[in-house]
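The values are calculated or read from the model by the stated rules, or taken from the named source; none is laboratory data. Just so it is clear, the model here is predicted, and its values are computed rather than measured. So basically every Cβ, Gly included, is an ideal-geometry build from the backbone, and we count neighbours across all protein chains shown.
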Amino acid sequence: MKKNIPLLRSWQTIAAAMLLILVTSARINAQNTLTKANIQKVLDDAYNKFKDLQEGKNADYIKELASVDPKIFGIALITTDGQVYTEGDIQSMVSIQSVSKVFTMAKEIEDLGPQAIQDKIGVDATGMRFNSIVAVELQKGKEINPLVNPGAIAASSLIAGADSAAKWKSIVDIQSAFAGRQLSLNWPVYVSEAGDNLRNQAIAHLLYAYGRMYFDPVQATDIYTKQCALNVSAKDLAEMAATLANGGVNPVTKKTVVSPKTVMYTLPVMATAGLYDDSGIWLFNSGLPAKSGVGGGLLAVCPGKFGIAVVSPPLDAAGNSVKAQKVIQYVVEQLQVNPYWVQPKQ
Ligand code: GLU
């Protein structure tokens, strides 16, 4: 009997050690979802899971967008150490549309400081549709948010540059620096929207009447329309998101685009107003700051880890790409990267 006691003790020790190994390896596993093989597997799974989904419809209020191939479906994820993962069609280009608003806002936060953007444009979500005139009227041009049309047109008027050409250059330069390559204009989309953007022109003139435009309203609307017509692939958008995830340094080109402080002020506006009227639903389901555009692009930022983007033109009623939302939410869940998901300390 006496002999059994040390034996029992040694079994207890082994059992305790095994339990410790199990707990530790569970923790390591939880932190280790971002391995090369796992990231690629999760993107492949996401692509296969959602590729045949038929829901949604291309935007058609800009005529040219109605004829974009609805089957384009590309996914890209770029980590903050510059690894690029892709799946599906990352060659096809779509117009960046509202996704561009993030980067023009970031440039202005960088140049003028966060307080100036808060005072001159506003950063609260309007709670109304992206092209609401009522939102402008109710607030007398204040609190118009740079991620929806009124605030974005005001942002185009505020961007660095003495004339229209210089302002346009500032915009192309900043969007390109985030994307890591020189972006170019999709002329048919620009011409199509420029001939049909009376509502945006009305918004610009109303803002002008309230003293909330900082340049000629006709030219500012034109610059804004061009900005929305820049062509991007899923990989471009992922690189833009990855630059935000990496504190403002493009992890592929290694160039500093904006400061970490600018990123710190940019991400909360994305979190609260990045997906139109469904921004709250998006944040509830993914936990990530993101921005969508009516061209079918959607990017999301996982701070310190990666940027991810999906291009798929069919949109839901709120104006967000159906497949893109599903893919990114799936990836976030599989990689366990929702920043609000925390492992309790034992
Ligand atoms: N150029 C588009 C517009 O002004 C952008 C809309 C969007 O992507 O939200 O209507």
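Would you check if there is a residue in segment 240-250 being at pLDDT 95 or above, polar (S, T, N, Q) and within 15 Å of the ligand (Cβ to nearest atom)? Scanning segment 240-250, I find no residue that is at pLDDT 95 or above, polar (S, T, N, Q) and within 15 Å of the ligand (Cβ to nearest atom), so the answer is no.
If you scan segment 274-304, which residues turn out to be surrounded by fewer than 20 Cβ atoms within 10 Å (Cβ to Cβ) and assigned to a loop (DSSP other than H, G, I, E, B)? Full working, then the answer.
Restricting attention to segment 274-304, the residues satisfying the condition of being surrounded by fewer than 20 Cβ atoms within 10 Å (Cβ to Cβ) are 277-278, 280-281, 283-285, 287, 303-304.
If the condition is that a residue be surrounded by fewer than 20 Cβ atoms within 10 Å (Cβ to Cβ) and assigned to a loop (DSSP other than H, G, I, E, B), then GLY287, PRO303, GLY304 are the ones that fit.
ASP236 meets the stated requirement of being modelled with pLDDT of 95 or more and of a type in the set (Asp, Glu). None of THR262, THR266, THR253 is surrounded by 23 or more Cβ atoms within 10 Å (Cβ to Cβ) and modelled with pLDDT of 95 or more except THR266.
When ASP81, ASP89, ASP119, ASP111 are screened for being modelled with pLDDT of 95 or more, of a type outside the set (A, V, I, L, M) and in contact with a strand residue (DSSP E or B) (Cβ under 8 Å, 6 or more places away or on another chain), only ASP89 passes.
Restricting attention to segment 25-41, the residues that are basic (Lys, Arg), at pLDDT 90 or above and surrounded by 11 or more Cβ atoms within 10 Å (Cβ to Cβ) add up to 1. Apart from one condition, LYS326 fits all of (1) assigned to a loop (DSSP other than H, G, I, E, B); (2) in contact (Cβ under 8 Å) with a residue 12 or more places away in the chain; the exception is (1). If I filter segment 314-321 for residues that are in contact with a Gly (Cβ under 7 Å, 6 or more places away or on another chain), of a type outside the set (S, T, N, Q) and either surrounded by fewer than 18 Cβ atoms within 10 Å (Cβ to Cβ) or more than 17 Å from MET93 (Cα to Cα) (or both), do I get at least one hit? Yes, segment 314-321 contains a residue that is in contact with a Gly (Cβ under 7 Å, 6 or more places away or on another chain), of a type outside the set (S, T, N, Q) and either surrounded by fewer than 18 Cβ atoms within 10 Å (Cβ to Cβ) or more than 17 Å from MET93 (Cα to Cα) (or both). Scanning segment 224-239 for residues that are within 14 Å of the ligand (Cβ to nearest atom) and surrounded by fewer than 24 Cβ atoms within 10 Å (Cβ to Cβ), we see that the one that is nearest to the chain's Cα centre (by Cα) is ASN231.
Does ASP163 fit the bill of being at pLDDT 95 or above, within 28 Å of VAL258 (Cα to Cα), charged (D, E, K, R) and more than 23 Å from the chain's Cα centre (by Cα)? Criteria met by ASP163. Of all the criteria given as (1) outside any helix (DSSP H, G or I); (2) at pLDDT 95 or above; (3) more than 19 Å from the chain's Cα centre (by Cα), the one not satisfied by ASN200 is (1).
Filter segment 97-146 for residues that are out of contact with any helix residue (DSSP H, G or I) (no Cβ under 8 Å at 6 or more places or on another chain) and of a type in the set (S, T, N, Q); which is nearest to the ligand (Cβ to nearest atom)? Per the stated criteria, the residue is GLN139. Taking segment 66-144 and the helices (runs of 4 or more DSSP H) fully enclosed by it, the elements with 2 or more residues that are free of Cβ contacts under 8 Å to residues at least 12 places away in the same chain and closer than 27 Å to ALA177 by Cα are at 114-120. Restricting ALA160, ALA177, ALA154, ALA194 to residues that are within 14 Å of the ligand (Cβ to nearest atom) and either touching a residue at least 40 places away in the same chain (Cβ under 8 Å) or crowded, with 19+ Cβ neighbours inside 10 Å (or both) narrows the list to ALA154.
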